[in-house]
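The values are calculated or read from the model by the stated rules, or taken from the named source; none is laboratory data. Since we're looking at a predicted model, the values are computed, not measured. For neighbour counting, all protein chains shown are included, and Cβ atoms are generated from backbone atoms with ideal geometry for every residue, glycine included. These area figures cover heavy atoms from the full protein model, side chains too; ligands, DNA and RNA do not enter into them. Shrake-Rupley method; radii C 1.70, N 1.55, O 1.52, S 1.80 Å.
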Amino acid sequence: MPLHAGDAEPIVDLQALFNGVYDRAAYDFRIDYTAAPVPALSETDAAWADVLLEERGLKGRSQITTDS
């Protein structure tokens with residue numbers, strides 16, 4: 001964000017900003033969370049993504065591929 005000299009640095013809640021963009025753009029309907037990601041994730045990242053998507057009811061472990 002552009003600031004004038006002497007202006008206080010703004011505090012921006014980036015998570016709220018990203019959530020708002022995601023919701024308004026309807027990415028949950030535009031992104032196919034059942035498809036394997038390209039490029040494939042590392043084993044660690046695949047496990048993290050699996051937990052995150054399962055918590056949101058979007059995907060099961062059997063469909064996440066890794067680059068190993």
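General remarks:
- Within the stretch 1-42, the set of residues being part of a helix (DSSP H, G or I) and hydroxyl-bearing (Ser, Thr, Tyr) comprises TYR22, TYR27.
- Each residue in the stretch 1-44 was checked for being closer than 20 Å to LEU58 by Cβ, open to solvent by 100 Å² or more (accessible area, probe 1.4 Å) and among the acidic types (Asp, Glu), and 1 pass.
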